[in-house]
Number of protein chains: 2
Amino acid sequence: MALLAAVGHPQRLRVIAGLSAGRVHVSELARRLGMSRPLLYLHLERLEKAGLVTGDLELSPDGKAMKYFELVPFDVHLTVDVVLAALRADEQEGLNDVQETPR
Amino acid sequence: MALLAAVGHPQRLRVIAGLSAGRVHVSELARRLGMSRPLLYLHLERLEKAGLVTGDLELSPDGKAMKYFELVPFDVHLTVDVVLAALRADEQEGLNDVQETPR
DNA sequence: CCCACCTGTCAGTCTCTACTTACAGGTGAA
DNA sequence: TTCACCTGTAAGTAGAGACTGACAGGTGGG
């Protein structure tokens, strides 16, 4: 569900494409795609929640912090049953949210 | 691409779910899902363009016009390559749009 | 010290689209 | 004729979320 929503946006598809070549750090990727860094963060966040990419903060040899992202290989079989399951899962999640809020 | 965008919206997933039981006409479906008819039209239109559902206007035995919709069985393999292909196709489409406008 | 890199996050703006209300038309039955 | 169904579309109105600019912080090198 989060996955379907994540993949349903052209800009995010471009991010996926940008990562398909290999791991890149955020600033570099932003330059390549010609999009602002905060915006890229936003999309990366959603893609990460959907389980499509992984972020990894590491220190480069010269001591600078670099956040590298890379694609998680995925192969989703999209059928009616998958859609129904996603809907049900979403309803459940909604219920849990209500239950979990109190502490 | 249109497909990915179409499936990336909760409300449209509900429409798919509503049709999973079998063919229904628009007004009836709107009642079942508890959504306004014009809104349902909008979503059905997008789903139809994405090739996920088919509409069929027919006359019921008592002569009333009824628009029946039904699901088109689909099974999309969602992988990185599919995403890249969708992006390329979209760029092509964009170019054509520009070319076709003058006339 | 200042400059060039990098990571993060927040508070706004602005655009797109989801959504509603309201209309026009057509049929059959009481 | 009026009522209860149906299809379709053209407005306009919220509202979500995409997007920007500006900030704070941290490192290495000239």
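The values are calculated or read from the model by the stated rules, or taken from the named source; none is laboratory data. This structure is a prediction, so every number in the text was calculated from the model and none was measured. Here Cβ is always computed from backbone atoms with ideal geometry, including for glycine, and neighbour counts include all displayed protein chains. Accessible surface is based on the protein model in full, side chains and every heavy atom, while ligands, DNA and RNA are left aside. Shrake-Rupley method; radii C 1.70, N 1.55, O 1.52, S 1.80 Å.
Would you mind working out the magnitude of the charge dipole of the stretch A:2-73 relative to its Cα centre, with +1 at each Lys and Arg C-beta and -1 at each Asp and Glu C-beta, to the nearest 20 Debye? Don't skip to the answer; put the middle values down first.
Details: 10 positive and 7 negative charges, 57 e Å.
Once rounded to the nearest 20, the dipole reads 280 debye.
Take B:ALA89, move 7 Å from Cα toward the beta carbon, and the resulting point lies 2.4 nm from the same point in each other copy, nearest first.
Run the dipole for the protein assembly as shown about the Cα centre, Lys and Arg Cβ at +1, Asp and Glu Cβ at -1, nothing else charged, and hand back the magnitude in debye, nearest 20. Write out the running numbers ahead of the final one.
On the way: 24 positive and 28 negative charges, 108 e Å.
Value, rounded to 20: 520 debye.
Distance between the 7 Å Cα→Cβ label points at B:ARG31 and A:PHE74: 3.9 nm.
Spacing of the modelled spin labels on A:TYR41 and A:THR54, each 7 Å from Cα toward Cβ, amounts to 2.3 nm. If you take the charge dipole of chain B about its Cα centre, with +1 on Lys and Arg Cβ and -1 on Asp and Glu Cβ, which of B:LEU42, B:LEU87, B:GLY8 is farthest toward its positive end? Result: B:LEU42. Computed from protein heavy atoms with a 1.4 Å probe, the total accessible area buried between A and B is close to 2100 Å².
Residues whose amide H falls under 5 Å from that of B:VAL53, counting only those 5 or more places apart or on a different chain, are B:GLU48, B:VAL72, with hydrogens built in the peptide plane.
Run the numbers on chain B and let me know its relative contact order in percent, using alpha-carbon pairs under 8 Å that are six or more apart.
Details: 92 pairs, mean separation 28.0, N = 103.
This gives 27 percent for chain B.
Placing a label point 7 Å from the Cα of A:PRO38 along the Cα-to-Cβ direction, the distances to the matching points in the other copies come to 3.5 nm, shortest first. Taking every full run of DSSP H in chain B, the ones that stretch at least 20 Å from end to end by Cα along their long axis and average -0.5 or higher on the Kyte-Doolittle scale are B:80-100. If the cut-off is a Cα-Cα distance under 15 Å, which aspartates and glutamates reach A:LYS49, setting aside same-chain residues fewer than 8 apart in sequence? Output for A:LYS49: A:GLU70, A:ASP90, A:GLU93. Based on alpha-carbon atoms, the Kirkwood radius and the radius of gyration of the stretch B:45-90 give Rg/Rh equal to 1.24. In nanometers and ordered shortest first, the copy-to-copy spacing of the A:GLY63 label point, defined 7 Å from Cα toward Cβ, is 9.0.
The residue of chain A whose Cβ sits closest to the rotation axis that maps A onto B, together with that distance in whole Å, is A:GLY8, 1.
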